[in-house]
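Since the structure comes first, as structure tokens, the remarks are kept for the end.
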Amino acid sequence: MSWLKFFQTTQKNCKINFGRGINADIASNEEELFYKSYEAFEKNDIVNAYEYFFYSIVNYNKQISNKNVVLKIMDGIINFELFQGSAKIQGTITQKSLYAEVIIVRKENATVSLKRYILERNYQLTYANYYSDDKYIKLKLYQDNISLTPQKIFFPLRELALNADFDKEHIKSEFTEIPLEDITHLSNSNPILLKTKYEYINLWIQELEAKVLTLPSNDNSGMQSFLYLNILFKIDYLLTPKYKMFQQLSKKIQEYFGNEHATTEAKNEELKRYVLKLKQLSFKEFSDNFYIAKYTFNPIEKSSYDNIVTFINESQTKIRWYKNNRYAQVIPTIYNYIAFYSLYNYGMNSVLKELFYILVNIQNSSFFTDIGCTPLYNEKTQSFSKRLIISKIKSIIEENHKKYTKLTIHIEELNFSSLDEFCNSYYTMLKNLNFEEK
Amino acid sequence: MNTQIILEQYIENIMQIMTPYGSGTGFLIDDIVVTNSHVVSGLKEVVLSAKKLKRTIAKVIYDDPYLDLAFIEYNFEKPMTLLQLTNTTVDDGDTIVAIGHPYGLNYTATEGIVSRASRLQDDLEYIQIDAAINPGNSGGPLLNVKAELVGVNTFIIQNANNLGFALPSFYLQDALNTFKAQKNTSIIRCPSCKNLIEEETIQHDYCPKCGVKLEIARLRRKGYNPTGPTKLLEDILTSLSINVTLARRSQASWRVNEGTARIDINYYDNGIIIGDSKLCAIPSNNIDTIYDYLLQENENLSYLQFSINENSIYLSYLIVDSSLTFNEGKVAIQRLIEYANKYDDILIHQYGAITQKRDEED
């Protein structure tokens with residue numbers, strides 16, 4: 001056993017998911033299954049076509065199915081379940097059509113505001129729509145099997161799943177008195193992990209408040225924005241709250257970037273107020289925002305690698321400006337911000353996602369230590385687990401070499417002399433990847 | 001005469017002219033509707049509507065790209081007061097009134113002055129005016145304070161403020177005289193030799209007099225031919241006994257009226273086809289009951305769904321272009337047209353919903 005293998009096998013098993021999305025591997029033969037589905041549809045072999053399609057959207061952790069798709073096939077009829085966070089999609093496929101639905105709330109509990117909300121949502125949706133039966137309000141999808149292709153199932157099912165999950169979360173956050181239905185598939189987060197997360201959110205807020213005091217008294221709005229936005233992106237990726245906390249956090253970020261009329265100072269003030277609200281959360285209130293669920297569809301559209309490179313370039317230019325103008329105190333925050341912003345905003349391929357994860361682990365090593373994951377950096381001694389970092393990067397490249405044959409990384413160019421220098425060299429490495437597929 | 005009186009008195013002479021490519025204005029002189037050549041877009045047929053004339057298909061009988069004029073046959077009821085061409089000259093500073101349908105806003109009159117009575121553009125004189133004219137005003141009348149026609153609003157300088165140009169009425173008079181002097185009703189004026197060419201004498205789109213290629217002849221020969229999902233949608237509408245030429249609002253938009261309901265079908269660039277009918281508005285009372293009704297009906301409806309946008313109830317049919325088939329599309333659109341009218345009545349009469357206020361039909 002080489003020393004590299006030794007490190008790989010002795011690291012703790014970190015099973016926690018970070019960030020949004022399916023947080024799992026897609027089927028290794030996903031493309032092949034999708035193509036087989038396409039061929040079966042061409043032959044009007046409906047059952048096999050759907051079966052291949054559903055297998056193509058099953059996701060895996062270490063090659064074990066997450067059971068995010070459950071199929072039962074009998075007498076040419078497929079009954080299926082799909083999981084997307086708070087939404088459990090149940091459906092039936094016959095030779096003629098696909099019907100799927102998600103139970104949202106009990107009809108008798110729906111207020112006039114909720115009904116208005118879902119009727120307005122109907123105006124925005126393309127494939128799915130809300131209705132009520134005798135008992136429940138549901139989101140439904142009907143597709144006939146005429147001229148079907150896997151794409152024509154993927155997008156409607158994705159719309160149904162993502163919107164049902166989003167709306168259930170929205171309802172829980174906005175119409176607090178209305179209980180959600182059909183959520184028995186959700187499980188509670190580990191209370192010890194939750195406690196650690198709660199301690200960290202408070203610690204990060206304290207650190208943020210202390211940092212704000214170190215900023216120059218005037219002309220610091222840009223730096224303040226980095227600090228406040230960074231903590232929100234960080235909470236989203238590392239703690240991954242659901243329900244109200246996620247909804248409000250997303251809203252704050254959206255308002256910050258979407259409001260062209262407000263000054264940066266006013267927008268910072270708004271973020272500051274929200275962070276203060278987070279600080280005042282009791283452990284119970286905080287814990288109510290977490291659950292464990294399975295996911296089938298990624299909510300973020302895939303972004304081009306070039307967009308991510310451009311963002312890193314622009315951010316590095318900003319860092320240089322702060323360096324040249326002697327505002328060193330904000331630089332570590334911006335290095336963090338680049339990773340968290342990218343993970344929040346860009347739909348990445350699995351290589352980039354894993355490479356960003358390594359960097360985030362290094363930048364937030366005490367958090368990773370305290371939640372039971374192997375840290376890659378020691379904050380106290382300011383030393384890197386250099387060999388482990390290198391082995392992790394190498395294994396990511398090796399695992400994906402079949403798909404991206406030109407993917408190479410010049411590890412010797414990574415600079416381990418300080419955390420800032422490392423981050424800078426790591427971002428330069430991330431900008432120079434070749435994702436050309438064979 | 002002030003602007004309001006002019007508009008009231010002569011409004012019946014003002015036409016709206018629609019093609020799949022856009023809309024413009026026209027006006028009646030004698031028994032001919034005059035407009036710009038660029039408004040009729042090289043088509044032989046256009047849709048005409050006026051205060052007392054519902055959307056009707058009419059024939060373009062003269063197309064003159066040189067003067068940017070076109071004449072359309074008018075065989076309908078004539079207005080009480082007819083527009084006349086002026087006999088007087090136009091001078092700098094004269095007050096003028098432009099009437100038209102800018103951006104589809106029907107019968108808009110704008111007042112201004114003649115900034116320059118004769119502005120040369122290539123070898124033609126134009127009246128430069130400061131009255132606000134916009135896309136949709138093209139082909140509309142420019143009148144003096146005696147409500148006499150002094151010009152045809154023809155073009156503007158884009159992104160400038162109120163720099164409009166009208167073709168003086170003497171050019172129109174000449175064109176009308178030469179056109180009426182011959183008996184053919186399919187005439188193209190050659191922009192090169194300026195001769196009036198009878199369409200049937202044109203071969204391979206070349207002017208028989210001077211040999212230049214006639215773009216208008218080519219366009220008229222080709223006509224408007226939708227393709228792909230647009231054609232499929234028009235085939236579906238035709239199969240439902242809907243006259244697509246009259247229903248067409250643009251190349252990718254159609255409107256059908258059924259009873260109290262208005263159904264719009266739009267084909268968007270992202271491939272989504274949305275057929276929807278903006279039914280009545282939400283009332284002040286029993287709102288919760290209406291919501292319950294809409295949500296319950298959504299359970300039973302196939303192809304269609306109820307939704308709310310702003311304060312109005314919509315009945316919609318949405319489909320991606322690649323999924324649209326003739327048979328399914330026909331059932332869905334037929335149902336949309338039929339149900340829109342039915343549900344509008346139910347919601348208004350049984351649930352107290354408010355009838356939509358609508359501007360007069362264009």
Are any of the pairs A:LYS115/B:LYS357; A:LYS318/A:LYS403; A:LYS244/A:LYS272; A:LYS211/A:LYS252; A:LYS115/A:LYS244; A:LYS88/A:LYS244 more than 23 Å apart by Cα-Cα distance, and if so, which?
-> A:LYS115/B:LYS357; A:LYS318/A:LYS403
State to the nearest 20 debye the size of the charge dipole of segment B:3-170 about its Cα centre, where the only charges are +1 on K and R beta carbons and -1 on D and E beta carbons.
-> 600
The exposure ranking of A:THR374, A:THR94, A:THR333, fewest beta-carbon neighbours within 10 Å first, is A:THR94, A:THR374, A:THR333
Given backbone amide H placed at 1.01 Å from N, residues whose amide H is under 5 Å from that of B:TYR126, ignoring those fewer than 5 places away on the same chain, are B:ARG119, B:LEU120, B:GLN121
If you rank A:VAL330, A:VAL351, A:VAL70 by fewest surrounding Cβ atoms within 10 Å, what's the result?
-> A:VAL70, A:VAL351, A:VAL330
Would you give the gap between the C-alpha center of segment B:128-156 and the C-alpha center of segment B:1-35, rounded to a whole Å?
-> 11
Exposure proxy ranking, count of Cβ atoms within 10 Å, fewest first, for A:HIS410, A:HIS185, A:HIS170, B:HIS101 = A:HIS410, A:HIS185, A:HIS170, B:HIS101
Cα-based shape type of segment A:191-431, given that a ≥ b ≥ c are square roots of the gyration tensor eigenvalues and the cut on a/c is 1.5 | rounded
Fluctuation leader among B:GLY112, B:GLY271, B:GLY151 - chain B, Gaussian network, Cα springs under 10 angstrom = B:GLY271
GNM of chain A, Cα pairs under 10 angstrom: of A:ASP45, A:ASP420, A:ASP165, the biggest fluctuation goes to A:ASP45
Residue-wise, which Karplus ³J(HN,Hα) couplings in Hz belong to segment B:179-187, taking 6.51 cos²θ - 1.76 cosθ + 1.60, θ = phi - 60°, and x for glycine or proline?
-> 5, 5, 5, 10, 9, 6, 10, 9, 10
With charges only on Cβ, +1 for K and R and -1 for D and E, what is the dipole size of segment A:191-431 about its Cα centre, in debye, rounded to 20?
-> 440
Given the options A:LEU239, A:LEU208, A:LEU249, state which has the largest fluctuation in a GNM of chain A using a 10 Å cut-off (strictly under) for Cα springs.
-> A:LEU208
Residues in segment A:298-329 that a label on A:ASN345 would reach, taking backbone N under 16 Å of a point 7 Å out along Cα→Cβ | A:300-319
Given A:LYS197/A:LYS279; A:LYS138/A:LYS302; B:LYS51/B:LYS222; A:LYS242/A:LYS380; A:LYS67/A:LYS135; A:LYS353/A:LYS406, the pairs whose alpha carbons are separated by over 24 Å = A:LYS138/A:LYS302; B:LYS51/B:LYS222; A:LYS242/A:LYS380; A:LYS67/A:LYS135
Please get the size of the charge dipole for chain B, origin at its Cα centre, with Cβ charges of +1 on Lys and Arg and -1 on Asp and Glu, quoted in debye to the nearest 20.
-> 800
In peptide A:116-125, what is the residue-averaged number of other protein chain Cβ atoms found within 10 Å of each Cβ?
-> 6
Per the helix-only calculation at 222 nm, which mean residue ellipticity applies to chain A, given -39500 (n - 2.57) for every DSSP H run of n ≥ 4 and division by its residues, nearest 500 deg cm²/dmol?
-> -17000 deg cm²/dmol
Taking A:LYS402 as the anchor, which aspartates and glutamates have their alpha carbon closer than 18 Å to its alpha carbon, excluding any fewer than eight residues away along the same chain?
-> A:ASP25, A:GLU30, A:GLU31, A:GLU32, A:GLU354, A:GLU436, A:GLU437
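Bear in mind these aren't lab numbers, they're just calculated from the coordinates by the rules spelled out. On a predicted model such as this, the values are computed, not experimentally measured, just so you know. Counting neighbours? That spans all protein chains shown, and the Cβs are built from the backbone with ideal geometry, glycine included.
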